[in-house]
1. Are any residues in the range 662-674 open to solvent by less than 10 Å² (accessible area, probe 1.4 Å) and part of a helix (DSSP H, G or I), and if so, which ones?
2. Inspect the range 348-368 for any residue being open to solvent by 90 Å² or more (accessible area, probe 1.4 Å), at pLDDT 95 or above, more than 30 Å from Ser652 (Cβ to Cβ) and not small (Gly, Ala, Ser) and give the result as yes or no.
3. Out of the range 502-530, which residues are closer than 19 Å to Leu58 by Cα and outside any loop (DSSP other than H, G, I, E, B)?
4. Starting from the range 245-259, take each residue that is over 20 Å from Val300 (Cβ atoms) and of a type in the set (Lys, Arg) and list its partners that are in a strand (DSSP E or B) and at pLDDT 95 or above, counting only C-beta distances under 7 angstrom and pairs at least six apart or across chains.
5. Working only within the range 571-583, note down all residues that are of a type outside the set (Phe, Trp, Tyr), within 13 Å of His634 (Cβ to Cβ) and not in a strand (DSSP E or B).
6. For the condition open to solvent by 10 Å² or more (accessible area, probe 1.4 Å) and touching a Phe, Trp or Tyr at 6+ places or on another chain (Cβ under 8 Å), what is the one hit in Lys680, Lys712, Lys686?
7. Kindly indicate which of Val390, Val426, Val420 is more than 30 Å from Ala651 (Cβ to Cβ), in contact with a strand residue (DSSP E or B) (Cβ under 6 Å, 6 or more places away or on another chain) and not polar (S, T, N, Q).
8. Could you grab me the full set of residues in the range 766-804 that are open to solvent by 40 Å² or more (accessible area, probe 1.4 Å) and part of a loop (DSSP other than H, G, I, E, B)?
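The values are calculated or read from the model by the stated rules, or taken from the named source; none is laboratory data. Just so it is clear, the model here is predicted, and its values are computed rather than measured. No Cβ is skipped: glycine too gets one built from the backbone with ideal geometry, and neighbour counts run over all protein chains shown. Heavy atoms of the whole protein, side chains included, go into the accessibility calculation; ligands, DNA and RNA do not. Shrake-Rupley method; radii C 1.70, N 1.55, O 1.52, S 1.80 Å.
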Amino acid sequence: MRPTTRACFSLALAASLAAAVVRAQEAPTAAPSTPPPADEITLEKIMADPEWIGNAPLMPYWADDGGAVYFERERQGEDTLDLFRLDLGTGEARRVEDAERGRADARGGDWSEDRTKKAFAREGDAFWKDVTTGVERQLTRTAEAEVAVHFLVGDKRVAYRRGNHWFARDLEGGPEVQLADLQLAKDPATLDEEEGFLETQQERLFEVVRQREKEQETARRVERERQQADPTRPPLPFYLGKDVEISDSALSPTGEWLVVALLPAEVDEGKADKMPVFVTEHGYVDVEDLRPNVGTGKPVSPTLLLLDLRKHEKHELDLGVLPGIEDDPLKELRKKAEAEAKAKEAKDGKDEKKSEKKGAKEVKEKEDAKPGPRPVELHRIVWSEDGGRVVVQLYSYDNKDRWIAAVDLEKKRLVPVHRVSDPAWVNDWDHDELGWLRDGRTVWFLSEESGYSHLHLRPVPAGRARQLTRGDFEVSDVVLSRDGTSFFALANREHPGVYEVYRVPIDEGGVERLTALDGSTEYVLSPDERQLLLWHSTTTHPPELSVQPAAPGAPARRLTDTTSDAFEAIRWTAPEVVAVPSSHTKQPIWSRVYTPANWSADRKWPAVVFVHGAGYLQNAHKGWSGYFREFMFHSFLTRRGYVVLDMDYRASAGYGRDWRTAIYRQMGYPELEDLEDGVKWIAANKSVDPARVGVYGGSYGGFLTFMALFRKPDLFAAGAALRPVTDWAHYNHGYTSNILNVPEVDPEAYRKSSPIEYAEGLRKPLLICHGMVDDNVVFQDSVRLVQRLIELGKTEYFETAIYPVEPHAFQEPSSWLDEYKRVYELMEENLK
């Protein structure tokens, strides 16, 4: 899987290992008369608690002096992560004891300009450290967490946020100083807009009431003036209004400005369903709230405020200056949906009643009404290092636009800097990185506007944009060098499935490859930027840590070896990563192909097609797959005479904007065409019998399994849909609205893309597996489809398996084993 976050190293393997919190107690089995061979692959072994593979290093980072690295590992047999320190000089790794953790170097943090000091948060408190001496000073010790710890300009003060308020401390001592006091209440000095008749009458009739109010106002004014004039007192509060909450705030490095984003305290996020939990500790059924379904909420744009902390002034920033904010990219679809709904009402005899109720004039006013500014979401607030400039990154709620806008600190207004529009959807899942060059006048950002994620520069507030990287590859995980002359970044330039570290000179552009490990790699730059800490994996080996000089052609030195002897003893089937020709695009369909060791073209072979989940995910790469159980299952299948195909169908990550958006308003169509091309390819190149090919996958893979069996019933002989989406109108908003808009605006896209609409096409064996406490793709999805299949008389073709205690990603080894036994038996019964 292509990495996405340099600092966190959040590959699916890490998440899977760290999430294995409940371990099933397997029933004892009789001991075999002779021990099984070490190289044997069994379903019981594959689906056991994954720690048998070995506990890989997680979330690595550098020690402050660059002489060691830290990483975490799951403790054997326990749901606990231990911290380790590995000395680069000796190569020795040791566990950091609990009593020592408070003295261990912290991950992340903010460095002083001369790189001699570091400010950071540890366990919710603020610290700073003199790296030259190793002396640390704790700045806070509170129950409430301090976050966003960073140096202010000059590196003599450290600022941090506690709750909604910002504070600072001087490195040489002295009291904690409050920089901003943000109160979510109405200013008591302002008139009460909700005064009733009696309050107004009292003021009108009685001089004493008017006089007392005047005295109170004078006392408040005098107290405010005294507080503002006295440097020993905290700053005046900013009253931001009642019934609101702060969704984000960012302090300028000078400590003089604050950008704040407000949202209503109560936002209509949409209609949420309920989920019963049947297996509970107390024996009664619990009912949990689920996330809202797509399109059921009412979006609200944030209110952006610029606070001048010196003058105690508050200025609202007008989002209406964003170019195209008044446009309605979905206007034609909206009109079409309204016409369709009106035609249906007329057919049902409801149109006349509706018009009578609302009145012809009201109906016409609604039809002629202008939508107004589109709602937007704030994603980032980024200050330049000198605190002289700030930009915000905003996305339209309809997913069609992304804006970068600067805040003019003098004129207190937003100034548009850059806009990306996409008729499908702008990629807000990835490639949204943004920062400043060292000059404090130029922003860098990633954008897909050239077709792939590339690095761009843009002067602020205006000037000509410049694209630094070009080509049919994707750039991510960008870090600006300390001297400001180049960037470090990941890219799949040499091969779509190979991620290496590159240097990108700012003046020259282009890229210079630093690593050549031929797999999947993530990196952390050392504090002195002379070394790279690498987290590297191959198709058959989980990630391990290496270190390498940050220079082209430099050798990488392996630091860890954490896989078990039991895992290493097995000869896993190494997949070929091949380019399957597409009959619909110029780009090939990159795929993994697993071939039996005894394969020959003299016979016809059965095959299984695996469909990865998430849609926007890359699995046909040359690194360790996040689907590590499936990788082992595919080795299991090859030993039993199956060819296995795993395709990065259109919608997958890693192949550019057009590949990503090919499914817009038609999920399950381009992907199915790619699966057809895949079956043809393995029939022609791997001597596969096309009449004996099965398909399986989970989540999005389960959805595509349905679409294949329902829409192309002759393509596969059988299929297993695991935790599958059956109706996109029941999925969440963040994912679905990007691709299908919302049901009320684009009902056609939902009808076209939802398997439940095609259920009558089933005529091949189908296995449906679903966890009953799945709060991602809810169990209701499978229940509704089963009812539809029953009503269609399809009971002879399908069977279901339910898992009462399992969420979307199963936790119990016994559930994994049961599920994959069923998948294997389905293939055995129908492909052999």
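1. Residues satisfying the conditions are Pro670, Glu671, Leu672, Asp674.
2. No, the conditions are met nowhere in the range 348-368.
3. Ser520, Thr521, Glu522, Tyr523, Val524, Leu525
4. none
5. Thr573, Ala574, Pro575
6. The match here is Lys686.
7. Val390
8. Asp775, Asn776, Leu792, Gly793, Thr795, Glu796, Tyr797, Pro804
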